[in-house]
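Quick notes on the structure that follows.
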Amino acid sequence: MQKFKTAMKTMGPAKVELPSPKEFLKKHSKEKPLPPKKKFDRNEPKKPPVPLRTDHPVMGIQSEKNFINTNAADVIMGVAKKPKPIYIDKRTGDKHDLETSGLVPKYISKKDYGVTPEYICKRNEEVKKAQEEYDNYIQENLRKAAMKRLSDEERETVLQFPLVSAVFSTVCRG
């Protein structure tokens, strides 16, 4: 009893085998190995050199563009942005997006709203065809297995043989 209880001390039977003491964790065994060493090439292209202290940048180049006037003209002539639709849910003024709230019927306004997708129409047609084929197959099997109505001459010939007459008597009456 004690042996069985010790196996369950870990909230149920132990699912993982304990490693043997001989296979202990070694130093640096979990570290990833370094990438392979690249060969050094002296002929590799170098970056352009840093400019000297005596080299000065070209001065005096100015643009004729008046940035203040052009920005003002762009703002005046531009179309105003529409404000983002929001709703306020408390009297303190907590604002939230109206589109993500679910209060606006987003999918009803789509042009293909309420139209059955093509893949469903195709699948329904395939199901109908398969059902028709299955029904035709069943009808053929029923026709093949159905009992024939015998004419009077055939009935008389069958009745002449006593063993066979017991089997076919139900056919003649039907």
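The alpha carbon centroids of segment 40-71 and segment 82-154 are separated by 65 Å. Taking every protein chain into account, the 1.4 Å probe leaves Thr54 with about 110 Å² of accessible area, to the nearest ten. Residues in segment 71-162 average 103 Å² of solvent-accessible surface per residue, probe 1.4 Å, ligands and nucleic acids excluded. If R0 is taken as 41 Å, the Cβ-Cβ distance between Val104 and Lys65 corresponds to a FRET efficiency of 0.40.
Sparse packing (at most 11 other Cβ atoms within 10 Å of the Cβ) combined with a DSSP loop state is found for the following trypsin sites (Lys or Arg not before Pro) in segment 95-154: Lys106, Lys110, Lys111, Lys148, Arg149. Of the solvent-accessible surface of segment 27-147, computed with a 1.4 Å probe over protein heavy atoms with every protein chain present, carbon and sulfur atoms account for 57 percent.
If the segment from Ile88 to Ser151 were pulled out straight at 0.36 nm per residue, it would be longer than the present Cα-Cα gap by 13.7 nm. Here segment 3-134 is treated with +1 on each Lys and Arg Cβ and -1 on each Asp and Glu Cβ, and its dipole about the Cα centre works out to around 1240 debye.
Taking only the Cα atoms of segment 19-174, the radius of gyration and Dmax are 46.0, 134 Å. The convex hull around the C-alpha trace of segment 86-166, projected and averaged over every direction, spans 13.0 square nanometres.
The values are calculated or read from the model by the stated rules, or taken from the named source; none is laboratory data. It should be emphasised that the depicted structure is a prediction, and the values quoted were computed from it without experimental measurement. Glycine gets a Cβ as well: all are built from the backbone with ideal geometry, and neighbour counts include every protein chain shown. Accessible surface areas use protein heavy atoms only, side chains included; no ligands, DNA or RNA. Shrake-Rupley method; radii C 1.70, N 1.55, O 1.52, S 1.80 Å.
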